[in-house]
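The values are calculated or read from the model by the stated rules, or taken from the named source; none is laboratory data. None of these values were measured; they are calculated from a predicted model. We place every Cβ from the backbone using ideal geometry, glycine too, and count neighbours over all the protein chains shown. In case anyone asks, the SASA skips ligands and DNA or RNA and just uses the protein heavy atoms, side chains included. Shrake-Rupley method; radii C 1.70, N 1.55, O 1.52, S 1.80 Å.
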Amino acid sequence: MRLAASCQALLCSPIRLLHLAVLLCVLAIAPAAAYAQTYPDRPIRLVVPYPAGGATDFGARVVAKYLSQSLGQSVVVENVSGASGAIAAQKVIHAAADGYTLLAGTINEVVLVPIVNASVSYKYQDLTPVGEIGTTSFVLMANPKVAASQIDELLALLRKNPGKINVGIPGVGTLQHIAVAMLANQARVDWTVVPYKGAAPLNTDLLGGQVDLGVMTLPSAIQYIRDGKLKSLGLMSLQRDEDVKNLPTINEGREIKGFTTDAWLGLLAPAKTPAPIVQKINAALDKVLEMPEVRKSLVTAGFRPVAGTSAQFGQLLARDDARYRQVVASVKLVH
């Protein structure tokens with residue numbers, strides 16, 4: 001009895017409890033830290049939520065190529081399209097949290113789809129932010145047959161033909177979808193929204209004249225504009241892009257002011273991926289984004305490279321989640 005009481009007193013000592021807590025923390029962290037030292041020892045899968053050929057796919061493949069060199073293992077791109085990117089996001093969410101399955105995620109499937117689509121069960125917190133890759137702007141594009149060359153002319157055309165002009169988006173609940181809803185709401189116009197399963201089929205129909213207008217990322221739009229195959233009605237940002245300074249914004253017209261919907265691309269992992277693994281991938285990504293050849297490839301395509309910590313990327317996710325919950329509620333886009 002005396003021995004038991006002595007042991008109980010020893011275990012209940014505040015100092016002993018503190019030491020025990022520290023020991024448990026060390027024991028919990030040690031395996032993850034040791035695992036990170038050997039990571040990666042096999043190929044990494046990078047899941048892209050959209051078909052090959054789009055801006056997200058391009059940016060992901062540029063990063064994957066050089067990330068392979070930085071980490072010393074192959075980074076294999078896997079395109080998993082559908083449900084506005086939700087299928088790919090869920091695939092990564094349900095993967096093992098070991099750093100071998102990553103998502104080349106965008107604001108669409110990470111933040112917006114869970115807000116807009118009530119049937120989607122995940123939230124952005126189900127993914128671990130690894131690091132941002134870059135940001136890009138949207139461009140409101142038109143088939144050459146559309147009788148408008150800038151935003152004010154388009155708004156006048158829409159008011160003369162309510163509901164008769166259509167605009168394509170790469171998926172329901174995407175940022176492009178929210179952008180056209182915001183623009184229609186602000187300008188008080190009516191058009192028919194046509195959802196596609198990804199940017200590539202939308203671009204094809206826009207080029208072919210099957211759809212009048214489309215919201216495209218700047219990387220996808222640049223070459224079409226330069227070749228004269230499609231025309232820009234304005235960059236959907238507050239300011240002109242530093243690398244495409246001759247492209248006006250829709251805010252430079254008479255009616256639309258203060259409009260912006262820039263998008264981001266970044267790396268994410270399943271929730272509960274060990275912090276040492278996340279830090280190792282983030283450090284490798286930062287090195288990649290400092291490479292002149294990588295920056296040149298991304299900038300030429302319309303991305304503005306952004307290097308930073310996983311915590312900074314996480315703060316961006318939280319800000320966007322809060323902002324677009326308010327926006328979606330105001331334009332009544334939840335379905």
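Numbers below:
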{"read-out": "Of all residues in segment 304-335 being of a type in the set (S, T, N, Q) and open to solvent by 70 Å² or more (accessible area, probe 1.4 Å), the one that is farthest from Thr273 (Cα to Cα)", "value": "Ser330"}
{"read-out": "Matching option when the condition is of a type in the set (D, E, K, R) and modelled with pLDDT of 95 or more, among Asp262, Asp241, Asp286", "value": "Asp286"}
{"read-out": "Residue that is least open to solvent (accessible area, probe 1.4 Å), among those in segment 155-188 that are assigned to a loop (DSSP other than H, G, I, E, B) and over 27 Å from Gly54 (Cβ atoms)", "value": "Gly163"}
{"read-out": "Hits in segment 163-213 (condition: under 19 Å from Ser237 (Cα atoms) and polar (S, T, N, Q))", "value": "Thr174, Gln176, Asn185, Gln186"}
{"read-out": "Criterion: surrounded by fewer than 20 Cβ atoms within 10 Å (Cβ to Cβ) and free of Cβ contacts under 8 Å to residues at least 12 places away in the same chain - qualifying residue of Ala283, Ala275, Ala271", "value": "Ala283"}
{"read-out": "Strands (runs of 3 or more DSSP E) (entirely within segment 210-326) containing at least 3 residues that are farther than 18 Å from Leu183 by Cβ", "value": "263-270"}
{"read-out": "Candidate set from segment 289-303 (those that are modelled with pLDDT of 95 or more and open to solvent by less than 10 Å² (accessible area, probe 1.4 Å)); member that is nearest to Gly99 (Cα to Cα)", "value": "Leu289"}
{"read-out": "Only one of Ala96, Ala86, Ala60 that is open to solvent by 10 Å² or more (accessible area, probe 1.4 Å) and of a type in the set (A, V, I, L, M)", "value": "Ala96"}
{"read-out": "First in segment 26-52 and open to solvent by 50 Å² or more (accessible area, probe 1.4 Å), second anywhere and part of a helix (DSSP H, G or I) and at pLDDT below 90, Cβ under 8 Å, 6 or more apart", "value": "Ala52/Ala200"}
{"read-out": "Total residues in segment 235-253, condition without any contact (Cβ under 8 Å) to a residue 24 or more places away in the chain, of a type outside the set (A, V, I, L, M) and either closer than 30 Å to Leu127 by Cα or surrounded by 17 or more Cβ atoms within 10 Å (Cβ to Cβ) (or both)", "value": "2"}
{"read-out": "Some residue of segment 254-268 being over 20 Å from Glu132 (Cβ atoms), open to solvent by less than 10 Å² (accessible area, probe 1.4 Å) and β-branched (Val, Ile, Thr)", "value": "yes"}
